[in-house]
């Protein structure tokens, strides 16, 4: 974006996000390029406009995600879902009583390590995201990005 275009962009007033303004400029310039012969044919212009519309739709979707806030009820539902999942895990992952005489069953007492790991990770992530601290979210994003780059490299 040139400095002249930036001045034009900042001078326009809109009650909403102004992501669509450069897209309008692009569509006007593409139509002008077609008239001047810089774009070979209508099919090429159509492909350009289809890609622009795909990009615009994705920008619009992001704008709508930012526009609608998450209600407090959502956080309560997620909290209840996580804790009830682990309540069912505690009941469902218990060993069978050997006094009942189940066939092919041996006495099996163990510490459910993976259930405990699930509990710690899920509740940790729940507290992290429901806490909403910017530092914690930034640390998680940096950690995720580092893990992703390690896999790619």
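Please treat every number below as a calculation from the coordinates, not as lab data. These figures come from a predicted structure and were not determined experimentally. With ideal geometry, Cβ positions are generated from the backbone for all residues, glycine too; neighbour counts draw on all protein chains shown.
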Ascending count of other beta-carbon atoms within 10 Å, so fewest first, for 39, 77, 113: 113, 77, 39
Ratio Rg/Rh, restricted to the stretch 3-67 and using Cα atoms, in which Rh is the Kirkwood radius: 1.05
Residue exposure sequence - 11, 60, 104, 27 - by fewest surrounding Cβ within 10 Å: 104, 11, 60, 27
Potential extension, residue 67-residue 114 segment - 0.36 nm per residue separation minus Cα distance: 13.1 nm
Additional length obtainable on full extension of the chain from residue 3 to residue 44, 0.36 nm per residue less Cα span: 11.8 nm
